[in-house]
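Peer 1: Could you have a look at this structure, given as structure tokens, before my questions?
The values are calculated or read from the model by the stated rules, or taken from the named source; none is laboratory data. These numbers were taken from a predicted model, which means no experiment stands behind them. Cβ placement follows ideal geometry from the backbone for every residue including glycine, while neighbour counts extend to all protein chains displayed.
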Amino acid sequence: MKLSELYTKTSKSIPADESSNNARLLIQAGFIHKEMAGVYSYLPLGKIVLDKISQIIREEMNRIRALEVQMSTLQPKDIWEKTDRWDDKKVDNWFKTKLNSGQDLGIGLTHEEPIVDSMIGFINSYKDLPVYVYQIQNKFRNELRAKSGLLRGREFLMKDLYSFNLNEEEHHRYYEEVLGAYFKIYERLGLGKDTYRTYADGGIFSTSFSDEFQTLSDVGEDLIYLDEKKKIAINKEIYNAKNLNKIGLKESDLKPYKAIEVGNTFSLGSKYTDALDLYYTDKDGHQKSIIMGCYGIGVSRLMGVMAEKFSDNLGLVWPMTIAPAKIYLIAIGQDQKTLDKAQKLYNLLTQKSIDVIYDDRDVRIGEKFADADLLGVPIRAVISSKHGDQEIAVKRRTENNEKMMKYIDLINLSK
């Protein structure tokens, strides 16, 4: 990508109507545009980051044999009435609408009911199970407090996985497999060392404990109590002696931390499958209940969390795995020889399938350096007439000093 071809611009001014650091930085850097509180559009650089986070999640879901689908956003009222979740007294953060005919519709906040309904006709026998499906799709929730940038949205991108198993034992094995995949995702995103499995309330999904994945952060809205040796935590909302005993945690081993929820998983039993008449027939011809689980990760929320965690007073500091580009290329001076060298390196990096942003604008070098820092690209590469052939000045975003390198060394550094 050449910056002269990018329509978005960086901004020095801090958005006056944003209190969250993640939204301020992402707006200043031109990654997102605020439509209203809790609703953001993703501009070209922001879409690249969002897609890279999604791809990491997709790869780990595929590894645990889940198949990707895309369900509809509009949902019929009748299937939600069968599970007793249509009433606003039961689930109060719905967006709802009507067809011209007067038929009531829900605007997708989660997909347990539609997913189960879609399985009718495909799951009949024990031979049809297990089934694991997931999607990466926008969700809509009528949040009362949409004030934390991407951390709490009214419209947001989410990965939701649903499992269908023969029995509780098979479900439990897969449930733990999903949790393992979640830890791999957070590790690949650079959040692994600060993210913990946390026992929490089942909410609108389950009467049993749920599992949250909480990332430690001073801007977190949740308070968790962490056993640092066991690497397990409990959410404040269920923190009491009875639950500590159930989980096997001791109050004396726990320390309080503020944290941001970056994922959640629920064991649903047969609550939704029974309600929607989805059963299977076993080897003896008996009708049996199907055991279900659901597993969510807020993709756009993760982007907000990473903007909070990976930033400094100069701007964003993206990890290599999700940065909009690996290299920010700058040419000092406008003489033709330097520009030709920069173009040659740009072409070489592109041929090697290395994501690069080439700042080819005719602006002050200080502005280019400032934008390289604000955008958070991991490696800054500078070409100058003072440098020898095949030489380039390289600086990591996380370091203060430049180092002279050959082109081949820059290529190896970016892998």
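Peer 1: Considering each of 30, 121 in turn, give the residue that is crowded, with 19+ Cβ neighbours inside 10 Å and either small (Gly, Ala, Ser) or in contact with a His (Cβ under 7 Å, 6 or more places away or on another chain) (or both).
Peer 2: 30 is the lone residue from the list that is crowded, with 19+ Cβ neighbours inside 10 Å and either small (Gly, Ala, Ser) or in contact with a His (Cβ under 7 Å, 6 or more places away or on another chain) (or both).
Peer 1: Sort through 354, 330 and tell me the only one that's closer than 20 Å to residue 48 by Cβ, modelled with pLDDT of 95 or more, under 28 Å from the mean Cα position of the chain (by Cα) and of a type in the set (A, V, I, L, M).
Peer 2: Selected residue: 354, the only one of 354, 330 that is closer than 20 Å to residue 48 by Cβ, modelled with pLDDT of 95 or more, under 28 Å from the mean Cα position of the chain (by Cα) and of a type in the set (A, V, I, L, M).
Peer 1: Please verify whether residue 255 is outside any helix (DSSP H, G or I) and either of a type outside the set (A, V, I, L, M) or modelled with pLDDT of 95 or more (or both), treating the condition exactly as stated.
Peer 2: So residue 255 fits the description; yes.
Peer 1: Sticking with this one: Taking residue 349 as meeting all but one of (1) in contact with a Lys or Arg (Cβ under 9 Å, 6 or more places away or on another chain); (2) among the hydrophobic types (A, V, I, L, M, F, W, C); (3) in a strand (DSSP E or B); (4) closer than 30 Å to residue 49 by Cα, write down the number of the exception.
Peer 2: So residue 349 meets the others, but not (3).
Peer 1: Quick one: in the range 226-278, which of the residues that are in contact (Cβ under 8 Å) with a residue 40 or more places away in the chain and more than 26 Å from residue 113 (Cβ to Cβ) is nearest to the chain's Cα centre (by Cα)?
Peer 2: Step by step, filter the range 226-278, then rank; the result is 260.
Peer 1: On to the next question. Looking only at the range 310-332, how many residues end up being of a type in the set (Ser, Thr, Tyr) and outside any strand (DSSP E or B)?
Peer 2: The number of residues fulfilling the criteria is 1.
Peer 1: Just need a number here: residues in the range 108-131 that are under 27 Å from the mean Cα position of the chain (by Cα) and either hydroxyl-bearing (Ser, Thr, Tyr) or at pLDDT below 95 (or both).
Peer 2: Going through the range 108-131 one residue at a time, the tally reaches 4.
Peer 1: Sticking with this one: With the requirement that a residue be over 23 Å from residue 343 (Cβ atoms) and buried (at least 16 other Cβ atoms within 10 Å of the Cβ), what does the range 397-415 give you?
Peer 2: Once the filter is applied, which keeps residues that are over 23 Å from residue 343 (Cβ atoms) and buried (at least 16 other Cβ atoms within 10 Å of the Cβ), the range 397-415 yields only 397.
Peer 1: Considering only the range 80-100, I want to know if a residue exists there that is without any contact (Cβ under 8 Å) to a residue 40 or more places away in the chain, within 30 Å of residue 324 (Cβ to Cβ) and in the same structural domain as residue 146 (by TED's automatic domain parsing).
Peer 2: No: zero hits.
Peer 1: Same structure, new question: Any chance you could count how many residues in the range 356-385 are in contact (Cβ under 8 Å) with a residue 12 or more places away in the chain, not in a strand (DSSP E or B) and not hydroxyl-bearing (Ser, Thr, Tyr)? Talk me through it step by step, then tell me what you get.
Peer 2: Pass one, the range 356-385, residues in contact (Cβ under 8 Å) with a residue 12 or more places away in the chain: 356-362, 365, 368-385.
Keeping just the survivors that are not in a strand (DSSP E or B) gives 360-362, 365, 368-378, 384-385.
Subset that is not hydroxyl-bearing (Ser, Thr, Tyr): 360-362, 365, 368-378.
So the count comes out to 15.
Peer 1: Okay, next question. Of all residues in the range 267-309, count the ones that are in a loop (DSSP other than H, G, I, E, B), within 17 Å of residue 79 (Cα to Cα) and charged (D, E, K, R).
Peer 2: Total satisfying the criteria: 1.
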